[in-house]
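Here is the structure we will look at, set down as structure tokens.
The values are calculated or read from the model by the stated rules, or taken from the named source; none is laboratory data. In this text, all values refer to a predicted model and were calculated from it rather than measured experimentally. FYI the Cβ positions are ideal-geometry reconstructions off the backbone, even for glycines, and counts take in every protein chain you see. Just the protein is used for accessible areas: all its heavy atoms, side chains included, with ligands, DNA and RNA removed. Shrake-Rupley method; radii C 1.70, N 1.55, O 1.52, S 1.80 Å.
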Amino acid sequence: MLSAVESILDPAALILSLWLVSTRIEGGLPPPYLILAVIVFSITFPGTSRLQFSIKRLVFDVLYSWFWVVLLLLLLGVATGYMNEFSSEALITWLWVAPLSQIGAHLALRATAPYLLMLQGPPQRAIIVGMNDQGAALAGRIHETRYSKIELSGFFDDRSPNRLNQAANSQLLGRLRELPGFVKENRIQYIYLSLPMASQPRILHVLDELKDTTASIYFVPDMFITDLIQGRSGTVCGTPVISVCESPFTGSNGIIKRASDIVLSLLILALISPLLLIIALAIKLDSPGPVIFKQRRYGLDGEEILVYKFRSMRVCEDGESIRQAQKGDSRITRIGAFLRKSSLDELPQFVNVLQGRMSIVGPRPHAVAHNEIYRNLIKGYMIRHKVKPGITGWAQVNGYRGETRTLDKMQARIDHDLDYLRNWSLRLDLHIILKTIMVVFRDRAAY
């Protein structure tokens, strides 16, 4: 949230100050001022993160950046002759009002930052693997950084305590073999691998063990590159890191994904509301039982959620052992067979999307009982829970919809889910939605 606010803060302060000056002096917003606002936004977006700056450095950085923006605007104005369209009084007033607005906006953000952090929920717990110099440096930065939601739990290292920094021994949580269990039991969100390149076999072993968790994993240089999920560079409290396994829906991508889910689900629900009523009535007349079937599934970060479907069977299974639907399954009702074949039984999940439990596009949620089976058979299975489950997904439009009789088919489905995480874009989501419509009409894999 703070990153998103900081990205828009400078452009917003500059544009709003321009509009206020124009309204005050010109009595309104003439077209030249609107065009200038667009130019300023294109130059200054995204804004610079200055939360960690001292007040002195903040003021200097704002004035320094503003100097270059003004210089560029003056050159453009003189070269095009467009400067003559503006009032000299308005331009001179804006020249000093704009940087003051930026400074005031940044100071206001500092005052509200603790409350914004509280709105984002409890701190996110982290551990560092490797109690070496770079690991200790990262720990120091985490402890010293203001406005951070990261809470460091401690270190894991295989070396004996007498070979480690004595001052940091109190933060040693255990050896690497104990790491996966600790991560699961204590719901650790972030893991920072601070191991030397010479430890490549050990790191590969750690990564394999952690694939049964939903923690985000990062390398702290010195590092080597492996098969990355949304691999990209970044910083944690000023220390450079490389993400190994991360959700694609961070920062602006998360905003775009959620906004598209809300808009599309509202539009679709409005269009299909008569169809929902007809299906509900048909289910009620066809067989006794509830219209809506609720089943526990794993959602974002492996948290259990309730997923809604139109009931298509005579039973409502949600226990420790659930049998997948098969061709000719006697449990399926007459109307249920049609609903499952056409995927109309999935339509209530658009309500799950509005609730924020699911997305329109994402890895399909499996029953909890199936998850517990396959997470022990397929490496990387739980990585698919780095994102919200979807009504449709990349695997489903590539032939892996419906029953998965063999482990190879489930492995292929997971491979497609992970491929989606690596290559997500809004264009890919729209492509999957359009392809889903075509698949539903011609697919014969769902029972």
Any idea how far apart residue 112 and residue 209 come out in nm if each label point goes 7 Å out from Cα toward Cβ?
4.5
Taking N as the number of residues in region 115-159, what is its alpha-carbon radius of gyration divided by 2.2 N^0.38 Å?
1.30
Net charge over other residues, Cβ less than 12 angstrom from the Cβ of residue 52 (K, R count +1; D, E count -1):
+2
For the chain, the per residue accessible area (1.4 Å probe, Å²) is 50
Segments 408-416, 248-256, 80-88 sorted - mean Cβ within 10 Å per residue, highest first
408-416, 248-256, 80-88
For the chain, the helices passing both cut-offs (Cα extent along own axis of 18 Å or more, Kyte-Doolittle mean at least 1.6, full DSSP H runs) are 31-44, 55-80, 252-286
Among 78, 368, 351, residue whose mean-square fluctuation peaks in a GNM of the chain (springs only between Cα atoms under 10 Å):
78
Can you give the charge dipole size of the chain about its Cα centre, rounded to the nearest 20 debye, using +1 on the beta carbon of Lys and Arg and -1 on the beta carbon of Asp and Glu?
1320
According to the Cα gyration tensor, what semi-axes, each the square root of 5 times an eigenvalue, does the equivalent ellipsoid of region 232-321 have, listed from largest to smallest in whole Å?
39, 20, 7
Which lysines, on any chain, are close to residue 284 with Cα under 22 Å apart, when same-chain ones fewer than 8 places away are left out?
294, 309, 341
Could you name the lysines in cross-link range of residue 379, using Cα to Cα under 23 Å and dropping any fewer than eight places away on the same chain?
184, 211, 388, 409
Residues with amide H under 5 Å of residue 244's amide H, sequence separation 5 or more or different chain, H placed in the peptide plane at 1.01 Å from N; which?
217, 218, 219
Projected-area average for region 16-70 over all orientations - Cα convex hull basis, square nanometres:
4.4
Most mobile of 243, 160, 101 in a GNM of the chain (Cα contacts under 10 Å)
160
Per the C-alpha gyration tensor (a ≥ b ≥ c, the square roots of its eigenvalues), region 60-103 is rounded if a/c is under 1.5, else prolate if a/b beats b/c, else oblate; here it's oblate
